[in-house]
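The values are calculated or read from the model by the stated rules, or taken from the named source; none is laboratory data. Nothing here was measured: the structure is a model prediction, and the numbers come from that model. Cβ placement follows ideal geometry from the backbone for every residue including glycine, while neighbour counts extend to all protein chains displayed.
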Amino acid sequence: MAKAIITRRLFPSVIFIFAVLMPSVYAYSAGSRSAGDLWTLQRCIGYAIRNNPDLQSAEAAMAASAYDLSYQRKLFLPRLELNAESGYLTGRPTSPFATVRGVTEEGLRSRTASGEFAIGSLTLTIPIVKEGSFFSKNAPSIKKSESQNLLDKSTYEAKKNALANTIGSSFIELLKNKEDVKAAEEHIKSLKLDHDLAAGKYRQQLLSKNDLLISEVKLAFGEQELASAQNATPRIMAGLAMNMGMDPMQKIDITDKGFSTRSLPPLDALKAAALANRHEIKEQEMRISIAQEEQRLAKSQLYPEVSIIADGSASSDYRARSNTFFIGMVHLSMPLFEFGATRANVRSKALLVTKEEKTLQSVKGTIVQDVIGAYAKIHNWEADIETKKKAVEQATEFARLMRAQFDQNLTSLSSLMDAEYTLYASRKALSDAKYNLRIAYLELLKSTGQSYTSAK
């Protein structure tokens, strides 16, 4: 009986907890989840750097060149080789001397021999002079590999900055699209109110059918603009997702929270920063270095190569007989005459060095032009924004005036709707200019060799 009473008392309390508290808990967890699903520009760039396939490819190339550098260095280290053979032989010696004279090089009469054998040898080779360098010091092949590794690192950084700029442009385009959809929805509300007003006045025979049709046409155009903005959203979002290394069907909810721009330094300072930081310049400098090392490598074919070789071997006939042999020597290899082939190769490599040096001059000139262009765009958009603010202010006042005149039957509905569309278009143009200013800022960061994340 007591248990039943307790149960009857507890049951309403449990129902109260689930009815009152659980919706609050669910709302909190949903809010936390939605907040975590919001993507800022910095978060998008960070995700793309970790997952973009092109960047991963550049990272793999960088790792491969690091292994190649290690390989080139180890080619100049002492090398120990083991050779072993085992088998069966039968017959007479087949050396040219034994065939012609009938005796071996030792003066012994050649005769038929047969039997099993085993032989093994160890050979130690120590490079002394190779590629015109003593003990690999400043060897062209090693210096070339070092330059290639630095080139791949600069390429990776350049691609990373380019990716950040691409993500930023797509991100801002998606923000702009969201603003366009919102503005078009607000404009549709205004058009529907005007159309309802026109329909009411038409029923009261206070408005001509032409004005009613004008309101219907303008409403249809407004709905078309809204549909166009809404249809662009999946395309822009898919492009952003692909650049980030996501599934193109992935939905991305973005926010411009935390997005900021900085005041511009002088143009000369920006030019200097670009020439010091742009990875394209570093890449080209590495290409010049690689071409110079290839020229040195071609020249090294004219130089002698010196190495110390020590070889020890042992053999057995699997019975009682066994032999051992050791030889140590200094080996010299040197070209004497090859019809000028090496010198022609050297001249060819020298011209490639000149080509890369001239390309560097062109790259620097293009970079300076990029900085000047991006700098000018920012100032132009800032001036354009101020102009469009005044246009919005004028369009707002004109729309208010036309509304007042329409309410007093002093102007037509079409004139009112034209004024309201002008206000809508002016606000959209101002919004577009603000987003274009952000894109211009990202272009300036790219032109100076920075990304949005590095400039934060």
Legend entry - Cross-chain or 6+ apart pairs with Cβ under 9 Å, region 65-76 first and under 14 Å from ALA139 (Cβ atoms), then surrounded by 14 or more Cβ atoms within 10 Å (Cβ to Cβ) and charged (D, E, K, R): LEU69/GLU146; GLN72/LYS144; GLN72/GLU146; LEU75/LYS130; PHE76/LYS130; PHE76/GLU131
Legend entry - Residue in region 431-438 that is under 22 Å from the mean Cα position of the chain (by Cα) and in a helix (DSSP H, G or I) present: yes
Legend entry - Filtered residues of region 386-416 (kept if under 13 Å from ALA429 (Cβ atoms) and either buried (at least 16 other Cβ atoms within 10 Å of the Cβ) or touching a Cys at 6+ places or on another chain (Cβ under 7 Å) (or both)): LYS388, ALA391, VAL392, ALA395
Inset, instruction - Please verify whether region 32-49 includes one or more residues that are outside any helix (DSSP H, G or I), among the hydroxyl-bearing types (Ser, Thr, Tyr) and modelled with pLDDT of 50 or more. - result: yes
Legend entry - ALA66 within 30 Å of MET237 (Cβ to Cβ), touching an Asp or Glu at 6+ places or on another chain (Cβ under 9 Å) and in a helix (DSSP H, G or I): no
Legend entry - Single residue of region 65-98 satisfying the filter (of a type in the set (A, V, I, L, M) and loosely packed, with under 13 Cβ neighbours inside 10 Å) that is nearest to LEU442 (Cα to Cα): LEU77
Legend entry - Filter result for ALA162 (surrounded by fewer than 19 Cβ atoms within 10 Å (Cβ to Cβ), farther than 30 Å from ALA60 by Cβ and either in contact with a helix residue (DSSP H, G or I) (Cβ under 8 Å, 6 or more places away or on another chain) or modelled with pLDDT of 90 or more (or both)): no
Inset, instruction - For residues that are crowded, with 19+ Cβ neighbours inside 10 Å and touching a Gly at 6+ places or on another chain (Cβ under 8 Å), tally how many sit in region 174-206. - result: 3
Legend entry - Enumeration of residues in region 273-328 that are of a type in the set (Ser, Thr, Tyr) and part of a strand (DSSP E or B): SER307, SER313, SER315, SER316, SER322, THR324
